[in-house]
Amino acid sequence: MKKLTCISFMFAAALAQSAWADAVVEHKPLDMKYDSIATDVRPAAMAHTCALKIIPVVDERQNKDTLGVNITSPLLSGDAAAWATAGLQNLSDFGFRVTKPDAADGQAAITLTPKIIRAYTWQVGMKLFGTVVLKMDYTRPDGKVESRTYRSSGDKTNMWGADSEYVTTLNYALNNLLRKVATDLDKECGLKA
């Protein structure tokens, strides 16, 4: 009986220490770095490409504070707008010529004005999932504006339980979204050919 009491006491002490450690842990925003490697299919050059001016992404998410929850705590959002802007620059991997946002008018065939509407991630068992939604305004040289909304998801196996793995799922989602944007831009640029 003494052995069981001793084990119970040690278990209770370990739980108390764990709860205390969680209470003093300072939760920091995720380091949202864009990663072009987090993709299932490498980008390939489109048939019709043209110059793009990409305006920096505006963060219009309803919840700008979190991206989801890991097992025990909220995943605090880093700079989602800068992350998405860096991702859109990767349209150059599809063959598009991406000019600087402050480039003189006339250099770009199409100006993209993107807004991030959603970015969130979650876990089911050993799988992590991420979803990204962007609203994109396409402005042609003639001034005509067309708006489109893109939604894409990505997933990966949870290997280490690290918060950075949640960002990786968002990178998969963003890279899947870029493929959809590139397909539409291929058609837009083809109109000028």
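The values are calculated or read from the model by the stated rules, or taken from the named source; none is laboratory data. The shown structure was predicted, so the numbers you read here are calculated from the model rather than taken from an experiment. Using ideal geometry, Cβ is built from the backbone for each residue, glycine included, and neighbour counts are taken over all protein chains shown. To get the accessible areas, we keep the full protein, side chains included, count just its heavy atoms, and leave off ligands, DNA and RNA. Shrake-Rupley method; radii C 1.70, N 1.55, O 1.52, S 1.80 Å.
On a straight-distance basis, which aspartates and glutamates could pair with Lys127 in a cross-link, Cα separation under 14 angstrom, same-chain partners fewer than 8 positions away excluded?
The qualifying aspartates and glutamates are Asp155, Asp163, Glu165.
Sorted by mean Cβ packing within 10 Å, highest first, what order do the peptides 75-83, 145-153 take?
Values: 75-83: 18.7, 145-153: 13.6.
Answer by packing, highest mean first, reads 75-83, 145-153.
Cα atoms only: what Rg and Dmax, in Å, come out for the stretch 54-190?
Just the Cα atoms of the stretch 54-190 yield Rg and Dmax of 16.0, 52 Å.
Before anything else, pin down the relative contact order of the stretch 54-190: Cα pairs under 8 Å, at least 6 apart, normalised by residue count, whole percent.
Relative contact order of the stretch 54-190: 23 percent.
When the distances between all Cα atoms of the stretch 81-133 are binned every 5 Å from zero, what whole-number percent does each bin get?
The calculated distribution, bin by bin, is 4, 14, 22, 19, 15, 11, 7, 4, 3, 1, 0.
What is the distance in Å between the Cα centres of the stretch 93-156 and the stretch 170-185?
7 Å
Going Cα to Cα from Lys115, which aspartates and glutamates come in below 19 Å? Please leave out same-chain ones fewer than 8 positions away.
Partners within reach: Asp59, Glu60, Asp65, Asp79, Asp102, Asp137, Glu146, Asp184.
When Lys and Arg each count +1 and Asp and Glu each count -1, what net charge do the other residues less than 14 Å away from Tyr34, Cβ to Cβ, add up to?
-3
What ranking of Ile110, Ile71, Ile37 comes out by heavy-atom accessible area, probe 1.4 Å, highest first?
My answer, sorted largest first, is Ile71, Ile37, Ile110.
Please give me the summed charge of the neighbours of Arg118: other residues whose Cβ is under 14 Å from its Cβ, Lys and Arg +1, Asp and Glu -1.
Once all neighbours under 14 Å are counted, the net charge is +2.
Ranked highest first by average number of other Cβ atoms within 10 Å, how do 91-99, 129-137 line up?
So the peptides 91-99, 129-137, ranked by packing, come out 129-137, 91-99.
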